[in-house]
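I'd like to ask you about the structure that follows.
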Amino acid sequence: MSKKQFKAESKRLLDLMINSIYTHKEIFLREIVSNASDAIDKLCYLSLTDDKVGLSRDEFGILISVDNEKRTITVSDNGIGMSKDELEQNLGVIAKSGSLAFKDGLDGDAKEKADIDIIGQFGVGFYSAFMVADKVAVVSRAYGADEAWMWESEGADGYTVTSCGKDAVGTDVIMHIKPDDENETYSDFLQQWKLSMLIKKYSDYIRWPIRMDMDRPEYKDTGKKDENGEPVFETVHTVERETVNSMVPIWQRGKTEVSDEDCIAFYKEKFHDSTDPAAVIRVSAEGQISYKAMLFIPGRQLFDYMTSDYEPGLQLYSSGVMIMEKCADLLQESFYFVRGVVDSPDLSLNISREMLQHDRQLRIIAQSLNKKIKSELLKMLETDRPKYEAFYENYGRQLRYGAVAGYGRDIDSLRELFLYKVEADKYSTLKEYTARMPAEQKYIYYALGESPAKTLRLPQAELVRAKGYEILCLSEEVDEFIIERLGTQDEKKFCNIVTGDLGLETEEKKADIEKKAAEAKAVLDFAKEALGGRVEDVRLSHKLVSAPVCLTTEGEVTLEMERYFRRMPQMPGMEPPKARRILELNADHPAFAALENSVATDSERAGKLVEVLHSQALLIAGESLEDPARYAETVCSLF
């Protein structure tokens, strides 16, 4: 029979489909199996009204067989099959989908009654076989026909359709695998383990059983001994036909059918984690977009979580076929630690089924899932505080850094989930903090430091703590940004104890400090001049109690922000923003009296005292000294 040319497209288009549409060659098996599943769906649907089909639901299935000598993989189904004309229409015209035509031919009631999900909607999945095969044959016998037909092609140069024999209704897709070359080892696809792995990865939840003849080696004692007197064993190969796929996924089953223990076992096996998840979230949604999901909050920090190799995202399925292994768009950045699966028949896929064609459905699903995750975390916070604090130790940083993504659009919605240390071993939410505030406390006090212990020892913290007020101990710059964006909590404003007005001084105290500052103007001017521009100003402090000195800032840039920007890569010729530093002195401390006396009697000594006080303020603030040796010499020279 003469070879026919593809009707719809040129060699260039077929080359595009084979070489460009699909990103991974291994996807070919998913496509061929999905087509086989569609064919079975069609015949199973017909069997509801046609008793001549002669097959019960549990008799349908897909068989995958391998012939290593001939280098062929055969995918066989006992579905509806194709006539000669249907082979011409479906395989002779690129992007002609028989499955989509079948689905469109059903009326609304029939679609609902059939309860089938047509996977192959685009008519190009079949041609993915040419990524790994240099020749493809399709042997098919249509339901109700006595004659079978074979469609054969070696690619874009055309195809032939000839009459052939086939005992039963259904379709065999026979792929002759390409020889290995320097870039690809195509022989891997002829290995049982490889095919089994691909089925588990992409087609594990196809509703029909996928069977393979599996070689199971056994070691049997021959009854003989070797020269050392050890028993001699021989390998006996037993071939057993096994169902490779799981068929019904655990997330598709009802909650009464699957226990929490079953879900935990699934998580451990699916995501290779030996630790129980902290929470299991099960979702079954119907309506505008229907989907099912099973999500897990890990019980420990994942090994690669804080590395560049970590890829966030949920496994995305459409009608049991895996579309994406890591779909990050389903999670807001704060929840990138969540693992799980989402399955929806309503996704608009592109022709390769590896990406989504439209993101509207995905956004709807994502919004719902993120609400569910937040709700589960709030539930954990309220009902199992130790578990939530352990979770926060693992993933609190992700919550916070994710919250500031997109210019902080998620900060306010996540405020209930944030925890802050108020003591070395005590966490508090913002709501808990305000609930404990005394009636006279005006602000929510906070400070940023390396650790709660260091933060609570800051000189600026002494007056606040002496009043019995708690201080939120922030651990990273992102915390400061979050606090500033939140603005208030329960109508209480936040106050940075390092930069803000604490609001704790009486009018009498303020007046006293202002009076002392006026009297000590010469001392303050001397200190500012001695520091030569290293600080914006030198002032008497309203915050210090027992400490002699502290370093504060004015304006939007704090010392912590300055340090953060210093660590960031800088554009050539640009300097990182700097904080406006203020050196505050305690007028009631003996050190200030000594400085005041030296300014009047010994200006050289006074200059050294200013240097020492400034260096001490830097050390307390967590800054490094430019010349530690000089500081040590200056201190020793004062004895």
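The values are calculated or read from the model by the stated rules, or taken from the named source; none is laboratory data. In this text the structure is predicted, and so the values were computed from the model without any measurement. Every residue, glycine among them, receives a Cβ derived from its backbone with ideal geometry; neighbour counts consider all protein chains shown. Protein only, heavy atoms only, side chains kept; ligands, DNA and RNA dropped before computing areas. Shrake-Rupley method; radii C 1.70, N 1.55, O 1.52, S 1.80 Å.
Criterion first (buried (at least 21 other Cβ atoms within 10 Å of the Cβ), under 29 Å from E480 (Cα atoms) and modelled with pLDDT of 90 or more) does Y401 satisfy it?
Here the answer is no, as Y401 does not meet what is asked.
Here is a follow-up. Is segment 562-573 home to any residue that is over 30 Å from V404 (Cα atoms), in contact (Cβ under 8 Å) with a residue 60 or more places away in the chain and out of contact with any Ser or Thr (no Cβ under 7 Å at 6 or more places or on another chain)?
no
Take G223 and tell me if it is outside any loop (DSSP other than H, G, I, E, B) and open to solvent by less than 100 Å² (accessible area, probe 1.4 Å).
Taking the combined requirement at face value, the residue satisfies it.
Scan E389, E376 and give me the residue that is surrounded by fewer than 18 Cβ atoms within 10 Å (Cβ to Cβ), in contact with a Phe, Trp or Tyr (Cβ under 8 Å, 6 or more places away or on another chain) and modelled with pLDDT of 95 or more.
Within the list E389, E376, the selection yields E389.
Among the numbered criteria (1) under 21 Å from C495 (Cβ atoms); (2) open to solvent by 20 Å² or more (accessible area, probe 1.4 Å); (3) modelled with pLDDT under 95; (4) more than 41 Å from the chain's Cα centre (by Cα), which one does D537 miss?
Every listed condition holds for D537 apart from (3).
Among the residues of segment 468-486, is any modelled with pLDDT of 95 or more and among the basic types (K, R)?
No: segment 468-486 contains no residue that is modelled with pLDDT of 95 or more and among the basic types (K, R).
Yes or no: segment 574-587 includes at least one residue that is among the acidic types (D, E), farther than 28 Å from K516 by Cβ and not in a loop (DSSP other than H, G, I, E, B).
Scanning segment 574-587, I find no residue that is among the acidic types (D, E), farther than 28 Å from K516 by Cβ and not in a loop (DSSP other than H, G, I, E, B), so the answer is no.
Also: Looking only at segment 438-464, which residues are in contact with a Phe, Trp or Tyr (Cβ under 9 Å, 6 or more places away or on another chain) and surrounded by fewer than 18 Cβ atoms within 10 Å (Cβ to Cβ)?
Scanning segment 438-464 gives a single hit, P438.
Next question. Would you point out the residue of segment 407-429, among those that are within 21 Å of the chain's Cα centre (by Cα) and free of Cβ contacts under 8 Å to residues at least 12 places away in the same chain, that is surrounded by the fewest Cβ atoms within 10 Å (Cβ to Cβ)?
Checking each candidate, the answer is Y407.
Could I ask something else about it? Going by what's in this entry, would L87 be described as modelled with pLDDT of 85 or more and not in a loop (DSSP other than H, G, I, E, B)?
yes
Between residues in segment 231-244 that are over 24 Å from V75 (Cβ atoms) and residues that are open to solvent by less than 50 Å² (accessible area, probe 1.4 Å) and outside any strand (DSSP E or B), which pairs lie under 9 Å by C-beta distance while being six or more apart or on different chains?
Cβ pairs passing all conditions: none.
With the requirement that a residue be touching a residue at least 60 places away in the same chain (Cβ under 8 Å) and either assigned to a strand (DSSP E or B) or out of contact with any helix residue (DSSP H, G or I) (no Cβ under 7 Å at 6 or more places or on another chain) (or both), what does segment 536-557 give you?
Of everything in segment 536-557, those that are touching a residue at least 60 places away in the same chain (Cβ under 8 Å) and either assigned to a strand (DSSP E or B) or out of contact with any helix residue (DSSP H, G or I) (no Cβ under 7 Å at 6 or more places or on another chain) (or both) turn out to be V549, C550, L551, T552.
Would you confirm, using the coordinates I've provided, whether F233 is modelled with pLDDT under 90 and either open to solvent by less than 30 Å² (accessible area, probe 1.4 Å) or not in a helix (DSSP H, G or I) (or both)?
Yes; evaluated as a whole, the condition is true for this residue.
Here's another thing I want to ask about it. Could you look through segment 244-274, keep only residues that are hydroxyl-bearing (S, T, Y) and loosely packed, with under 13 Cβ neighbours inside 10 Å, and pick out the one that is farthest from R360 (Cα to Cα)?
Among them, the one singled out is S274.
Still on this structure, please answer the following. Could you identify the single residue in M324, M306 that is aliphatic (A, V, I, L, M), within 18 Å of I199 (Cα to Cα) and open to solvent by 40 Å² or more (accessible area, probe 1.4 Å)?
That would be M324, the only listed residue that is aliphatic (A, V, I, L, M), within 18 Å of I199 (Cα to Cα) and open to solvent by 40 Å² or more (accessible area, probe 1.4 Å).
Of the conditions (1) touching a strand residue (DSSP E or B) at 6+ places or on another chain (Cβ under 8 Å); (2) closer than 22 Å to V136 by Cβ, Y205 clears all except one; give me its number.
In the conditions (1) touching a strand residue (DSSP E or B) at 6+ places or on another chain (Cβ under 8 Å); (2) closer than 22 Å to V136 by Cβ, Y205 misses (2) alone.
Name the single residue, out of those in segment 126-149 being farther than 20 Å from L195 by Cβ and of a type in the set (D, E), that is least open to solvent (accessible area, probe 1.4 Å).
Only one residue tops the list, namely E147.
When residues of segment 167-197 are filtered for being under 17 Å from N68 (Cβ atoms), crowded, with 19+ Cβ neighbours inside 10 Å and aliphatic (A, V, I, L, M), how many remain?
4
Could you list, in sequence order, all residues of segment 53-82 that are out of contact with any strand residue (DSSP E or B) (no Cβ under 7 Å at 6 or more places or on another chain) and in contact (Cβ under 8 Å) with a residue 24 or more places away in the chain?
Selection gives V53, F60, N68, K70, I80.
Let me ask another. Just give me the residues in segment 548-599 being over 21 Å from A461 (Cβ atoms), among the acidic types (D, E) and buried (at least 17 other Cβ atoms within 10 Å of the Cβ), in sequence order.
Correct list: E596 only.
May I pose another question? Within the bounds of segment 472-480, is there any residue that is touching a residue at least 12 places away in the same chain (Cβ under 8 Å), among the polar types (S, T, N, Q) and open to solvent by less than 20 Å² (accessible area, probe 1.4 Å)?
no
Results for (1) among the basic types (K, R); (2) part of a helix (DSSP H, G or I); (3) open to solvent by 10 Å² or more (accessible area, probe 1.4 Å); (4) at pLDDT 95 or above, shown as yes or no for each residue.
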site: S20; (1), (2), (3), (4): no, yes, yes, no
site: T23; (1), (2), (3), (4): no, no, yes, no
site: S34; (1), (2), (3), (4): no, yes, no, no
site: C44; (1), (2), (3), (4): no, yes, yes, no
site: T74; (1), (2), (3), (4): no, no, yes, yes
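Something else about it: Quick one: what pairs do we get from segment 481-499, first residue under 10 Å from I411 (Cβ atoms), second open to solvent by 80 Å² or more (accessible area, probe 1.4 Å) and not β-branched (V, I, T), C-beta under 7 Å, 6+ apart or different chains?
Taking only residues 6 or more apart or on different chains, the pairs are L486/D412.
Continuing with the same structure: Please work out which one of (1) assigned to a loop (DSSP other than H, G, I, E, B); (2) open to solvent by 60 Å² or more (accessible area, probe 1.4 Å); (3) in contact with an Asp or Glu (Cβ under 8 Å, 6 or more places away or on another chain); (4) among the aromatic types (F, W, Y) is the condition Y205 fails and give its number.
Failing condition for Y205: (2).
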